1. Mind telling me which of the residues GLY469, GLY486 ends up being modelled with pLDDT of 95 or more, part of a helix (DSSP H, G or I), surrounded by 20 or more Cβ atoms within 10 Å (Cβ to Cβ) and within 16 Å of the ligand (Cβ to nearest atom)?
2. Does at least one position in the range 490-510 carry a residue that is out of contact with any Pro (no Cβ under 8 Å at 6 or more places or on another chain), away from the ligand (no atom under 16 Å from the Cβ) and within 14 Å of LYS359 (Cβ to Cβ)?
3. Of the residues GLU266, GLU210, GLU217, which is more than 19 Å from TYR179 (Cβ to Cβ) and surrounded by fewer than 21 Cβ atoms within 10 Å (Cβ to Cβ)?
4. Residue by residue through the range 418-460, note down the ones that are over 21 Å from ASP347 (Cα atoms) and within 16 Å of the ligand (Cβ to nearest atom).
5. As an exercise: evaluate ILE39 against (1) crowded, with 18+ Cβ neighbours inside 10 Å; (2) more than 24 Å from GLN427 (Cβ to Cβ); (3) not hydroxyl-bearing (Ser, Thr, Tyr) and give the number of the one condition it does not meet.
6. Hey, can you tell me all the residues within the range 382-428 that are touching a helix residue (DSSP H, G or I) at 6+ places or on another chain (Cβ under 7 Å), in a loop (DSSP other than H, G, I, E, B) and hydrophobic (A, V, I, L, M, F, W, C)?
7. Mind checking which residues of the range 512-546 are of a type in the set (A, V, I, L, M), touching a residue at least 60 places away in the same chain (Cβ under 8 Å) and part of a helix (DSSP H, G or I)?
8. List every residue pair whose Cβ atoms lie under 6 Å apart, where the two residues are 6 or more positions apart in sequence or sit on different chains, the first residue falls within the range 4-30 and is under 23 Å from ILE439 (Cα atoms), and the second residue, located anywhere, is small (Gly, Ala, Ser).
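The values are calculated or read from the model by the stated rules, or taken from the named source; none is laboratory data. As the structure is a computational prediction, the values presented were derived from the model and not from experiment. Cβ placement follows ideal geometry from the backbone for every residue including glycine, while neighbour counts extend to all protein chains displayed.
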Amino acid sequence: MSSQNILLEDFNQAPFSSIKTSDYKPAILKAIELAQKDIEAITSSKEEPTFENTIEALEFSGKKLDRVTSIFFNINSAETNEEIQKIAQDVSPLLSEFKNDIILNNVLFKRVKKVYNRRESMDLNKEQTTLLDQKYKAFTRNGANLPSEGQQALREIDKKLSKLKLQFGENVLAETNKYELVVTEESRLGGLPDSFKEEARNIAKSKDTEGWIISLEYPSYIPFMKYADDRELRKELSLAFGSRAFKGDELDNQQIVLDIAKLRYERAKLLGFDSHAHFVLEERMAETPQKVESFLEEMLEKARPAAEREFSQLEKFAKELDQIDTLQKWDSAYYAEKLKQKLFDLDDEKLKPYFQLEKVIDGVFTIAGKLYGLNFEQTTNVDVYHQNVRTYNVTDTLGNDIALFYADFHPRPGKRDGAWMTIYKQQSIENGQNERPHISIVCNFTKPTEKQPSLLTFNEVTTLFHEFGHALHGMLANTTYPSLSGANVYWDFVELPSQVLENWCYEEEALQLFAKHYKTGEAIPQEYITKIKESSNFLEGMATLRQLSFGMLDLSWHAQDPSNVSDVKSHEIEAFEPTKLFPDVASNCMSTAFSHIFQGGYSAGYYSYKWAEVLDADAFEYFTENGIFSKDIADKFKDNILSQGGTEHPMELYKRFRGKEPKPDALLRRAGLISK
Ligand SMILES: [Zn+2]
């Protein structure tokens, strides 16, 4: 088998064009077997456990599995089909089972623990210390140190939790899918774009219904709330959206919310933490719930006055325009959009000619050159999975090989939505050899047409910078261990390199490098740059309060003992009080459909959206103080952040870069929420 399966042979660059879909499953099965052998070699060793024969051996185990699965799952996102999706369904449970077997392997844990207990006497460097700590905690955070009854209890909780989370998500989905707003008179669709109406009409047709169908799915719900002139219909849709899984019927999530919160609390207690948030934040830059709480409160205190000013502005505008007396939740997006158009009159069609994809790519490469001395040379000698994928050799000023960079820009069937950075080969140093990484970004940007090259919306421009920022984190990685390399950092730190780079899109000095009219070559007019900047802060105070309200609701469920909470809605009203702007709607509840924290992985983590913004604004301010192309600051950012991955606690890395801890003031200033 192995002789014909290219994935099981040795390769450096991913051999995309030689891979057959039928190769994946046998390769993954074989690679799991090889990884199991690596683990057995560690556990069956007769030697005393050492850092090298246990921790490092564990770190470098399963290398084939890592490479094959990274190729496979990236293909499943960027160039998939039913056959590949079926394989993903088949192998995913096997992969989690394999990971679970490692975490529950008691012989392995005993060896890891022996090394961990001797850590003080071993003279480890910082990266080794971090590696040891993380390997040890991967076991203990799953109960390895508990007596067997404790372990049993933990497994029971985990089983219940995964069932409840699944049920929560299924209920939200069923509630979302079951609702439809049928509109039979076209006059009630005033304000909506033609493309929206066409889509709503098509949905109705596909269901053999007369008229137009609006649903609670985002592509339908969001534009409707933003553009529909009919206030009654906006209200109807908003109430339906807000009451999902909160109707006291069989799809109601209130009891599930209470149960999940309690089980998470019990689990944390069992492992010796004060709350679920304490457990989660142990592996975050923010470290403790107290720190997150005071962060959210500081932001709230400073953003609240601006939010109130904006709210009255919006209220006044709605009153003047449509005699609205009390601004309700279903008015927010609608009047915000109207006011924005009135104040800025800046639409994408005007900007797009200045953002030709080729020029923006050159621009981002030039910026990476100025900041980090990187050179990008396009090559056609690299194997790709689709003819539209471009590849570049990345070198430094001395011509040293830094990375291989793949870019896949346009949508096609088989590619999922959105934009992301991905890794085909992780950087690491093994046996003195620095293995350089293979990094890719995948996007869904406006395609070129016969008459016109690919012209990006401004939002697409910032997306390209964002993903390229993640890519730099991967490309400039320079660590020994792959699990600490590049973007393998704590969750609330991972968006710093990506978000910080977006700042260059708003700077004249940077825009001049690439924002040129695709036909005339004329530079983007100054008034557009000013408008882009100003409109990016539009109603930022209200938006900030909204984000803070979600962060606070999240903590209210996870940072203390939830056993006294018996009523989900009244708990929520209390949690929302400090951030409230709009009147409460009694029939609505956020928690029962808050999938981010009750189904997905964001519990005790919602704050990280704002946290990441604070970091990027604070970091970028250091650049602006010294010039946005300051080599000195760029070197500090590269040496202390981009190249360091997760080798040390992010706060330590950040302080070494910035000279101090991050403060929210730069963000508040950038967002125009405080002056000076
Ligand atoms: Zn990102």
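1. None of the other options fit; the residue is GLY469.
2. Yes, some residue in the range 490-510 is out of contact with any Pro (no Cβ under 8 Å at 6 or more places or on another chain), away from the ligand (no atom under 16 Å from the Cβ) and within 14 Å of LYS359 (Cβ to Cβ).
3. GLU266
4. GLY418, ALA419, TRP420, MET421, THR422, ILE423, ILE439, SER440, ILE441, VAL442, CYS443, listed by residue number.
5. (2)
6. Correct list: VAL384, PHE409, ALA419.
7. Result: LEU513, ILE532, MET542, LEU545.
8. ILE6/SER18; LEU7/ALA27; LEU8/SER2; LEU8/ALA27
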